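Just so it is clear, none of the values below were taken in a lab; they were calculated from the coordinates. Worth saying up front: this structure is predicted, and the values here are computed from it rather than measured. FYI the Cβ positions are ideal-geometry reconstructions off the backbone, even for glycines, and counts take in every protein chain you see.
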Amino acid sequence: MSELLYFLAVLLSAVFTSNILLTNYLGMCSFLAVSKEIKTSLGLGAAVVFVMAITCPLNWMVSAWVLEPLHLEYLRFIVFIVVIAAFVQVLEMIVERVSETLYANLGIFLPLITVNCAILGASLFMIIRKYTLAESFVYGTGSGLGWMLAILAMAGIRQEKLNQSKLPRGLEGPAIALVVAGIMALAFMGFSGMGGGN
Amino acid sequence: MQTKVDERAVGWQNTLPVTPMTTTQNASLPLLKKQAPMNQVLYALIPLALSGIYFFGWRVAVMLAVGNLAAFLTEYAFVRGTGQQVTMAVFVTGTLLVMGLPPTLPMWMVVVGAVFAVAFGKMMFGGFGRNVFNPALVGRAFLYISFGGFMTANWSEPVPGVAGGLLAYASDTITTATPGMTLKTGVEIPFRDLFVGATAGTVGGTSALLAILCGVYLLWRKIANWRIAVPAILGFLGMQGSLWLAGAPKAAEPLHAMVAGSFLLGVFFYATEPVTASKHAVGRWIYGAFIGAMSSLIGVFSVWPAGTMFAILLANMFAPIMDYGLKQWDAKRAVAKKAVAAAGPR
């Protein structure tokens, strides 16, 4: 029971307290580029959750069972990127087969997940925080959910509110999105210290 | 995609504004746009402002003047030359910002807060009626994060005596904690003291009694929506009550905790702002309950002394996506109902 509560704490702290996007500012590029529509954001968000939830334990295995026994820790960065890229490639093929619309909507952004700093960031944080295999899976899922939550909120604001109002010239598009992201990060500061904090 | 942006940019210059809030270029327009609902909010804020002066001295009046002037000038800088007017709402923003500040805050910080609130909270989104977040709270959050010590550990006790602050510029007694903070450490404070106010705290937030009276006025004039205020209070009592019963450290008794800080002021004046709140019938209940529960959660578990401001900003942030989801759900149910009705005669 206490184990379960601990996993819940890891999950919630990954979603809220140390939200990968709004407190660590990782994965900003796709966050700003894809958040214009709620539907696409939902697709990309789900893809990020899935990729993070799988690549975190995958990288953990590679790190703990291959790199560390061989004392190749200095190759971590490049190996993690290769693992993520290979996995995303497979995911892209699956998405293309399963949902043609989602594939068309995601367009360039699915391959871009490969270089989404949030994905690599989650894997590196997991190593720094010395999580176990099970924890790394929970942490990866939580980080992905946090990212998805943030991009959904942003897409809601942009599609439902900003699209319908005339913004001052020069503030349209990414400019106002950055302002909104800043205020969202201010709001997320409220979670600091919750769940033990990391 | 590039051309779409260009069209919008040109359209912004050429088309006549369609909303009644904006006006065409006209030299004879008065500088200030009167807004009846905003006047009502300002009336409701008068007792709170007076109580602030009575408790903490005339410095509060100077803060109000400085904050409102800075807010007005910021909005004026944005609308100058566009043919739009400065809206009455800017004084609501300025006054609400000062209501949430400690009475000892340096004047230049009041200016920073007011400028940030109006520029980043409101005008960058296109002005009145288009803001995504509550402008006053955006300004306050900015001050909170930037000048933590000034905002959370620099309070003054109310000026003693019958005349109170009416004969003083500022209170001499400085304290580092408000009753809301000491309550969390397990110290017992009589309910009456917390309810009536006249304790260390923000300019307009110490007296729960006044906040309720002014809030009820807003509800009565239908400026504030009870469908947000009531679930917010229930949400707070529910969450704080469960935490208190569960014996969470720092969780004070719910009724005491509710009247100790600025929670009620936040619920009636900030959370019910119609522009940033949920616009869906069911959504309003969820929105309010979220604010109440989140205020309690952040107040008990985070490093901050109180959570109302963050709770409302978070609710502002998630309101559009929630409304979208609820609308989709409504549409689905309507379709299902139609299908049932069509299949009915058989």
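Between residue B:169 and B:58, the built amide H atoms are under 5 Å apart, and every one of these is 5 or more places off in sequence or on another chain. Using the membrane-span-like helix rule (whole DSSP H runs, Cα extent along the own axis of at least 18 Å, mean Kyte-Doolittle hydropathy at least 1.0), which helices of chain A qualify? The answer, listed by residue number, is A:38-61, A:76-98, A:133-156, A:174-188.
Between B:226, B:304, B:341, the Cα set farthest toward the positive side of the dipole of segment B:216-346 (charges on each charged residue's Cβ, about the Cα centre) is that of B:341. Between residue B:331 and residue A:85, the simple label model (points 7 Å from Cα in the Cβ direction) yields a spacing of 4.0 nm.
The fewest-to-most ranking of A:97, A:76 by surrounding Cβ atoms within 10 Å reads A:97, A:76. Length gained on full extension, residue B:82 to residue B:42, computed as 0.36 nm times the residue gap minus the Cα-Cα distance: 11.8 nm.
Computed about its Cα centre, the charge dipole of chain B is approximately 1380 debye, with only Lys, Arg, Asp and Glu carrying charge at their Cβ. Just so you know, the Cα atoms of segment A:28-122 work out to an Rg and Dmax of 14.4, 46 Å. Computed about the Cα centre, the dipole magnitude for the protein assembly as shown is approximately 1540 debye when only Lys and Arg (+1) and Asp and Glu (-1) carry charge, each at its Cβ. The modelled label-to-label distance for the pair residue A:133/residue B:187, using points 7 Å beyond Cα in the direction of Cβ, is 5.3 nm.
Fully extending the segment from residue A:74 to residue A:39 would add 8.6 nm, taking 0.36 nm per residue of separation and subtracting the current Cα-Cα distance. Among B:192, B:130, B:333, determine the one that fluctuates most according to a GNM of chain B built with springs between C-alpha atoms less than 10 Å apart. Judging by the Gaussian network model, the answer is B:333. The simple Förster model, with R0 at 45 Å and r as the Cβ-Cβ distance, assigns residue B:154 and residue A:93 a FRET efficiency of 0.15. Ordering A:145-157, B:232-244 by mean Cβ neighbour count within 10 Å, with the highest value first, yields A:145-157, B:232-244.
By other beta-carbon atoms within 10 Å, ranking A:20, A:183, B:174, A:78 with the fewest at the front produces A:78, B:174, A:183, A:20.
The mean number of Cβ atoms from other chains found within 10 Å of a Cβ in peptide B:292-304 is 3, as a whole number.
Taking amide H positions as modeled 1.01 Å from N, with prolines and chain starts lacking one, the residues under 5 Å from residue B:175 and 5 or more places away or on another chain are B:155, B:156, B:157. Proximity of backbone amide H atoms, modeled 1.01 Å from N, is registered between residue B:33 and B:86, B:87, B:88 at under 5 Å, excluding neighbours fewer than 5 places apart on the same chain. Post the alpha-carbon centroid distance, segment A:125-166 to segment B:100-170, in whole angstrom. Result: 31 Å between the Cα centres. Per-residue extension of 0.36 nm, minus the Cα-Cα distance of residue B:281 and residue B:234, leaves a gain of 15.2 nm for this segment. Across peptide A:165-174, the mean count of Cβ atoms from other chains lying within 10 Å of each residue's own Cβ comes to 6. Considering only B:206, B:95, B:182, the mean-square fluctuation computed in a Gaussian network model of chain B, springs between alpha carbons under 10 angstrom, is largest for B:182.
Within chain B, helices built from complete DSSP H runs that reach 27 Å or longer along their own axis (Cα positions) and carry a mean Kyte-Doolittle hydropathy of -1.0 or higher are B:36-56, B:59-79, B:226-245, B:281-301, B:308-343. Here B:74, A:101, A:114 are placed in order of increasing Cβ neighbour count within 10 Å, fewest first, which gives A:101, A:114, B:74.
Comparing A:77, A:16, A:31 in a Gaussian network model of chain A where C-alpha atoms under 10 Å apart are linked, the largest mean-square fluctuation is found at A:77.
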